Amino acid sequence: TMSGNNPELFSPSQKYQLLVYHADSLFHDKEYRNAVSKYTMALQQKKALSKTSKVRPSTGNAASTPQSQCLPSEIEVKYKMAECYTMLKQDKDAIAILDGIPSRQRTPKINMMLANLYKKAGQERSSVTSYKEVLRQCPLALDAILGLLSLSVKGAEVASMTINIIQSIPNLDWLSVWIKAYAFVHTGDNTRAINTICSLEKKSLLRDNVDLLGSLADLYFRAGDNKNSILKFEQAQMLDPYLIKGMDVYGYLLAREGRLEDVENLGCRLFNISDQHAEPWVVSGCHSFYSKRYSRALYLGAKAIQLNSNSVQALLLKGAALRNMGRVQEAIIHFREAIRLAPCRLDCYEGLIECYLASNSIREAMVMANNVYKTLGANAQTLTLLATVCLEDPVTQEKAKTLLDKALTQRPDYIKAVVKKAELLSREQKYEDGIALLRNALANQSDCVLHRILGDFLVAVNEYQEAMDQYSIALSLDPNDQKSLEGLQKMEKEESPTDATQEEDVDDMEGSGEEGDLEGSDSEAAQWADQEQWFGMQ
């Protein structure tokens, strides 16, 4: 204001500095549009300053010369403007600002931001060029290495760009193995990626590295080995109690196992660390989803996407909630976006195929399952996914059987394959074969769904006492498993007809109370449904 009222009060360079200070303050207060406006004014002032070679001697030339040397650079101001635009989700404007900086004047952080923006916009060639420029200036920029690998640049080519630095600095021999490991990650070769990271993790210099443990946990999850995935996430958590990255997947795995109390505790702990990341919202959303509170899960998933539009787990959560609420077409959009972001993650395709099957689009489901089978290779997971679709069509039942047998030959302990094979045997009423299959699968692992299905098969062959035992084991693993509870209650009623009558009366009384609870949850769901502004992801 002083400067505006008295143009002679400050020198042109001081006016420029004041405008940048003002814009920086607005940026830190998250007033991004206002900050862009002030940065633009600062750049205009800088142009005027460049034209006038003569600086106003307010306190003498000696004092003003060092001041002009310390002025913020025009490039730094443009970078700040681009940051504002990305915060406002105006990526095109951010790219335009950074593109305006001549290539030779671009610093590594400018090239890094450009590379990420190009990648997001689908301009892969420009993105690769920018990442390579970052590596040329900073050969140890690991994020740039991961960026190139994610864009299908060969691991050998990326490694060649770091070879000089590896040879010139001691104790960097692990880097070439690290690049090899993440090259496997980005090509979807989970087994070789796991083996390579395990070999890295055993090396003394990288032992107990939280980032590697997180990657290992994620790879086990992708490979369908949920038990080892949970173990690695827990190990990483113990080493770093403030860890946020990957905790959304960890929360999802716990929720799937029915450990809802652990999920709730994890969500509270993550919110105490930071509520500005997607992960705490996704974890809370998983708790709501597996508690069958789909409207709330939808809101929490949408909030997570608002904080991080690249959060695959948030997109999957929101897609699943929409699907279970009957909004299948909206769910499909979210699963497709998840596939775009993570083309090597099978669970993204599973979600989309479930949507197609829910809307009776078996042909589309079959095309997608075949594409996944061809793209990700013939492993237990892709074979089971294809078999799942084949089971929906009476014509392809035999093909489903062949595919499941192949999957179980590769991985006899793969739970999804065991469940689908049991489903097929149940249709054929081959209960003894089903019991043998399930007992074999449960020999080295314990899973709620497998124990419950074994209980169902035992009922079919009149082995009631052992069926009750299996239902009880299933409920001990997941107290919220409704089907196991129903199976157990049915067995108890059949065993004692007199008690059954009394239990029915009690159930009627309890049912009235439960109905009130459900009504309460519906009213709560309506409150979350009012938050529709969070829901839409255009």
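Accessible area of region 140-200 with a 1.4 Å probe: how many percent of it is carbon plus sulfur?
Here carbon and sulfur together make up 55 percent of the probe-accessible area.
Once you put a point 7 Å from the Cα of residue 75 and another 7 Å from the Cα of residue 444, both along the Cβ direction, what distance in nm separates them?
The two pseudo-label positions are separated by 5.7 nm.
For residue 2 and residue 392, compute 0.36 nm times the residue count separating them, minus their Cα-Cα distance, and round to one decimal in nm.
132.8 nm
Select one label from (1) 22, 58, 19, 1; (2) 16, 25, 20, 15, 12, 8, 4, 1; (3) 17, 45, 27, 9, 2, 0: the one whose number is P(r) over Cα pairs in 20 Å bins from 0, in percent as derived from the coordinates shown.
Recomputing P(r) over Cα pairs in 20 Å bins from 0, in percent here picks out (3).
Can you give the relative contact order of the chain as a percent, counting alpha carbon pairs under 8 Å and 6+ residues apart?
Relative contact order of the chain: 6 percent.
Need the full-extension length gain, residue 262 to residue 292, defined as separation in residues times 0.36 nm minus the C-alpha distance. One decimal, nm.
Working it through step by step, the gained length comes to 9.1 nm.
Using only DSSP helix segments of four residues or longer, with each worth -39500 (n - 2.57), what per-residue ellipticity at 222 nm results for the chain after dividing by its residue count and rounding to 500?
The helix-only estimate for the chain comes to -24000 deg cm²/dmol at 222 nm.
Could I have the simple spin-label model distance between residue 195 and residue 167, label points 7 Å from Cα toward Cβ, reported in nm to one decimal?
2.9
So for region 237-359, taking the charge dipole from beta-carbon charges (+1 Lys/Arg, -1 Asp/Glu), which of 298, 346, 251 sits furthest toward the positive end?
About the Cα centre, the residue reaching furthest to the positive side is 298.
For a Förster distance of 56 Å, can you work out the FRET efficiency between the beta-carbons of residue 37 and residue 493, rounded to the nearest 0.05?
0.20
Roll a 1.4 angstrom probe over the protein heavy atoms and tell me the percent of accessible area of region 446-494 that is carbon or sulfur.
Exposed carbon and sulfur together represent 47 percent of the surface.
Taking the mean number of other Cβ atoms within 10 Å as a proxy for protection, how do you rank 131-141, 98-108, 174-184 from highest to lowest?
The densest-packed peptide leads the list: 174-184, 131-141, 98-108.
Order 119, 483, most accessible first, counting only protein heavy atoms with a 1.4 angstrom probe.
Reading off the accessible areas and sorting them downward yields 483, 119.
Tell me, what ³J(HN,Hα) does each residue in region 480-486 have, in order and in whole Hz, if you take phi through Karplus 6.51 cos²θ - 1.76 cosθ + 1.60 with θ = phi - 60° and put x for Gly and Pro?
In residue order, the calculated couplings are 8, 6, 5, 5, 5, 4, 4 Hz.
Could you work out how far apart the two model spin labels at residue 464 and residue 276 are, taking each label as a point 7 Å from the Cα in the direction of the beta carbon, and quote it in nm?
6.3
Count charges around residue 38 for me, please; just the other residues with Cβ under 11 Å from its Cβ, Lys/Arg as +1, Asp/Glu as -1.
0
If r is the Cβ-Cβ distance from residue 340 to residue 48 and R0 is 45 Å, what FRET efficiency results, to the nearest 0.05?
0.50
Calculate, for residue 142 and residue 235, the FRET efficiency according to 1/(1 + (r/R0)^6) with r their C-beta to C-beta distance and R0 30 Å; round to the nearest 0.05.
Computed FRET efficiency for residue 142 and residue 235: 0.90.
Through the Karplus equation 6.51 cos²θ - 1.76 cosθ + 1.60, θ set to phi - 60°, convert the phi angles of region 205-221 into ³J(HN,Hα) values in whole Hz; use x for Gly and Pro.
Karplus values, whole Hz, x for Gly and Pro: 5, 10, 5, 6, 7, 4, 5, 5, 4, x, 5, 5, 4, 5, 5, 4, 4.
Which residue, chosen from 314, 441, 487, occupies the Cα position most advanced towards the positive end of the dipole of the chain, where the dipole is computed from +1 (Lys, Arg) and -1 (Asp, Glu) charges on Cβ about the Cα centre?
Projecting each Cα onto the dipole axis, the largest value belongs to 314.
Quick one: net charge around residue 358, please, counting Lys, Arg +1 and Asp, Glu -1 for every other residue with C-beta under 12 Å from its C-beta.
Summing Lys and Arg as +1 and Asp and Glu as -1 gives -1.
Where only protein heavy atoms count, and the probe is 1.4 Å, what is the accessible area per residue for the chain in Å²?
With the other protein chains kept in place, the chain gives 52 Å² per residue.
The values are calculated or read from the model by the stated rules, or taken from the named source; none is laboratory data. The structure displayed is predicted, hence computed values, not measured ones. FYI the Cβ positions are ideal-geometry reconstructions off the backbone, even for glycines, and counts take in every protein chain you see. SASA here: full protein model, heavy atoms, side chains in, ligands and nucleic acids out. Shrake-Rupley method; radii C 1.70, N 1.55, O 1.52, S 1.80 Å.
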